[in-house]
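Colleague: Below is a structure I'd like to ask you about.
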Amino acid sequence: MQSPPTSESAVDAAIRLFGETVNLFDPLRFRAWAEMGLTTAQLRVLFLVREAPGVTAGELATRLGVTPPTISGIVDRLVKSGLIRREDDESDRRLVRNFLTEQGEATCSRLETGSEVYTRRILIEMHHEDLEALVRGLAAFVAASEYVQKVEPNLAAVAMPGVNLA
């Protein structure tokens, strides 16, 4: 990993701008909630199931850093909505695997397409050098987050002490 930034003010500015960037997507999240009745947590689970068909609730809980009962409640609601289906594992009957339904896949595709259209419209307004710098910066941000996840896997618990998700 590279050395940390030399300027605390640069870190502060990055935190502020990252927050503003995340907030740019509120209109999309609110539309998903209003039109589809899906929370951000449900959307995240849908896309994780899409990314890893057959994932178990335990694996989802680990990936999201929440308890199995929390994931079970989210998955229960997605099953009732017809977006996820559960299947017993043929080789280990103790395991239940989660898969997207056709409706779940269609929902993910619609959200992905909408997000791409929304983001692309913003990105095409950027000067090509700024866009290239953004790509480099985002790649560095992802690499740094992967490194931090390895060396400090419980960072969320450290960042938000007192919240018991286990």
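Colleague: Tally up the carbon and sulfur contribution to the accessible surface of region 69-166 as a whole percent, 1.4 Å probe, everything protein left in place.
Modeller: Working: 4280 of 7410 Å².
That share works out to 58 percent.
Colleague: Also, I was wondering about something else. Rolling a 1.4 angstrom probe over the protein heavy atoms, how many square angstrom per residue are accessible across region 27-140?
Modeller: On the way: 7400 Å² over 114 residues.
Accessible surface, normalised per residue, equals 65 Å².
Colleague: Quote the charge dipole size of the chain about the Cα centre in Debye, to the nearest 20; the model charges only the Cβ of Lys and Arg (+1) and of Asp and Glu (-1). It would help to have the intermediate numbers written out before the result.
Modeller: Details: 18 positive and 23 negative charges, 106 e Å.
Computed about the Cα centre, the dipole is about 500 debye.
Colleague: List the GluC sites (Glu not before Pro) within region 58-120 that DSSP assigns to loop and that have no more than 10 neighbouring Cβ atoms inside 10 Å. Don't skip to the answer; put the middle values down first.
Modeller: Values: sites: E59, E87, E90, E102, E105, E112, E116; in loops: E90.
Taking region 58-120 and a limit of 10 other Cβ atoms within 10 Å, the loop GluC sites (Glu not before Pro) found are E90.
Colleague: Taking a ≥ b ≥ c as the square roots of the Cα gyration tensor eigenvalues, with a/c under 1.5 meaning rounded and otherwise prolate when a/b beats b/c, else oblate, which class fits region 1-102? Can you show the working numbers first?
Modeller: Details: a/c = 3.30, a/b = 1.71, b/c = 1.93.
Verdict is oblate for region 1-102.
Colleague: Shifting gears a bit: With +1 on each Lys and Arg Cβ and -1 on each Asp and Glu Cβ, how big is the dipole of region 31-96 about its Cα centre, in debye rounded to the nearest 20?
Modeller: Numbers: 10 positive and 9 negative charges, 57 e Å.
Roughly 280 debye, rounded to the nearest 20.
Colleague: Continuing with this model, one more query. If you fit an axis through the alpha-carbon atoms of helix 128-151 and take the longest principal axis of the Cα set of the chain, what angle between them do you get, 0 to 90°, nearest 10?
Modeller: 60
Colleague: From the phi angles alone, apply the Karplus equation (6.51, -1.76, 1.60; θ = phi - 60°) to region 25-30 and give each ³J(HN,Hα) in whole Hz, x where the residue is Gly or Pro.
Modeller: The phi angles translate into 8, 4, x, 5, 4, 5 Hz.
Colleague: Counting only trypsin sites (Lys or Arg not before Pro) that sit in a DSSP loop (anything but H, G, I, E, B) with at most 10 other Cβ atoms within 10 Å, what is the longest stretch of the chain containing none of them? Each step should come with its number before you reach the end.
Modeller: Numbers: sites that count: R93, R94.
That gives 1-92 as the longest site-free run.
Colleague: Please name which of P161, V117, N23 has its Cα lying farthest along the dipole of the chain towards the positive end, using unit charges on Cβ (Lys, Arg +1; Asp, Glu -1) and the Cα centre as origin.
Modeller: P161
Colleague: Mind giving me the FRET efficiency for R121 and E90? R0 is 45 Å, r the Cβ-Cβ distance, nearest 0.05 is fine.
Modeller: 0.50
Colleague: If you don't mind, there's one more thing I want to ask. Please turn the phi angles of region 85-91 into ³J(HN,Hα) values with the Karplus equation 6.51 cos²θ - 1.76 cosθ + 1.60 (θ = phi - 60°), one per residue in order, whole Hz, x for glycine and proline.
Modeller: 10, 9, 9, 5, 6, 5, 8
Colleague: R97's amide H: which non-local residues (gap 5+, or another chain) put their own amide H closer than 5 Å, with H modeled 1.01 Å from N in plane and none for Pro or chain starts?
Modeller: The answer is E87, D88, D89.
Colleague: Tell me the Kirkwood radius of region 29-166: reciprocal of the mean inverse pair distance over distinct alpha-carbon atoms, in Å. Working shown, then result.
Modeller: Working: mean 1/r = 0.0579 Å⁻¹.
With all distinct Cα pairs of region 29-166 included, I get 17.3 Å.
The values are calculated or read from the model by the stated rules, or taken from the named source; none is laboratory data. None of the values given here were measured: they were computed from a predicted structure. FYI the Cβ positions are ideal-geometry reconstructions off the backbone, even for glycines, and counts take in every protein chain you see. Just so you know, the surface numbers come from the protein's heavy atoms only, side chains and all, with ligands and any DNA or RNA stripped out. Shrake-Rupley method; radii C 1.70, N 1.55, O 1.52, S 1.80 Å.
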